[in-house]
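Remarks on the structure that follows.
The values are calculated or read from the model by the stated rules, or taken from the named source; none is laboratory data. In this text the structure is predicted, and so the values were computed from the model without any measurement. A quick note on method: Cβ atoms are made from the backbone with ideal geometry, for glycine too, and the neighbour counts reach across all protein chains shown. SASA here: full protein model, heavy atoms, side chains in, ligands and nucleic acids out. Shrake-Rupley method; radii C 1.70, N 1.55, O 1.52, S 1.80 Å.
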Amino acid sequence: MRYILIILFTVLLGACASIDDEFPVPPASTVSKFSLEVLDEDERSVQFNNESIVPENAGSATYTWSFGDGTNSSEESPTHTYEEFGEYEVKLVVLTSASGEIKESSQELALLQAVDIDFTLFYMDTDMLQLIGVGQQNVNAGVNGFGNGLAIDRAGGKLYYADDDNLTLNSINLNGSNPEVLFDGLTGIGSVTVDSESGKVYWTNRTDGVVQRGNLDGSGSVETVIEGLDLPEGIAVHNGKIYVSDVNVPPVGENIYVANTNGSGLEVFVAGSWGYGMAVDPVNERLYFGDQAVYDDPEDNRIKSVNLNDNSDIVTVATIEPIGANGSRTYGIGINTAENKIYWTDRSAGRIKSANLDGSGVETVLVAEGSPRGIALSF
């Protein structure tokens, strides 16, 4: 028996060798690839490490770097110093002499000045609660679960945030201490807003198509104040009114509604606009919202504002960089009335940006670690 097995094994090996001879393995292809390291943030010097793969049968390779600022290099692994802070697309093109291959790779490079703000900015980054600002360090703060919603009660010194993995509404002190679950057993939770005057926290529930609220201290039970929406997402409360967006695909949804804080008097406030992120400027009486017009024009992703007393006065504040088939979305908007600025998150680009309230002076505040969602400002 052992003899027969050996013979069969030998025959199979021969068959495999014959197949390999008849169908040879194709030669490996050239791969363009690189990594980068910022050597000095203040001086904006960057080391580019060429990690391209060039097979022997491809011949010699020439490298062409485009640094995104109008300059180039043919070195294999160059060091480059940028004249200005900014965001750049770096490209590496590899050309092989024998195989004639042309391979390209690219990466986004963000060289940003140190954050220069005199307040604290909080944001949800996938499943982390991050904060930046004067004397602050980035913290996880014991936050678990993925969530978009984040709101601040400045008078009470607390943040309120959504955990839609565990379907809870939570609070935490501004210094990251004392995290606690206020309401659990929810069927859904999205964006969050706070009405400090009434002592209430509001949130959207896309699962049930409703807006709900509870007491800021977690006492009492959850109350549903608005029903009958399709996919409620963005929410803001101001001066006895709730503003809530419905982000279902048109013609079903895509409206911003207004109602009294008890849910009565619901009506369309702005038709044909998406409002993932929403915030009120109480000084100038304007509502800011992120309008993702992907179903009309994937390139048309904007931050807009509208007068709370004149819903025909709609102004485009800034354009969000469109990324992918679904465009880009901003789930978080914050208004700093002390400096007359708006801050927002760009989920797809992984950026937090700011601008003056009229849309001028747009700049990148920081590059997030993951996917920034909700945002809150303490000033």
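Things worth noting here:
- Net charge of the neighbourhood of F48, taken over other residues with C-beta under 14 Å away and scored Lys/Arg +1, Asp/Glu -1, is -4.
- Backbone phi angles across segment 197-211, fed through the Karplus curve with coefficients 6.51, -1.76 and 1.60 (θ = phi - 60°), yield HN-Hα couplings of 5, 8, x, 10, 10, 10, 8, 9, 10, 5, 4, 9, x, 9, 10 Hz in residue order; Gly and Pro are listed as x.
- Cα pair distances exceeding 22 angstrom across segment 155-247, given as percent: 21 percent
- The mean accessible area for residues of segment 60-108, using a 1.4 Å probe and ignoring ligands and nucleic acids, is 58 Å² per residue.
- Label-point separation, E369 to D230 (7 Å along Cα→Cβ), nm: 3.7 nm
- Given K200/K304; K158/K304; K91/K353; K200/K241; K241/K341; K33/K103, the pairs whose alpha carbons are separated by over 18 Å: K200/K304; K158/K304; K91/K353; K241/K341
- Prolate is the label for segment 208-266. Its Cα gyration tensor axes, ordered a ≥ b ≥ c, give a/c of at least 1.5 and a/b above b/c.
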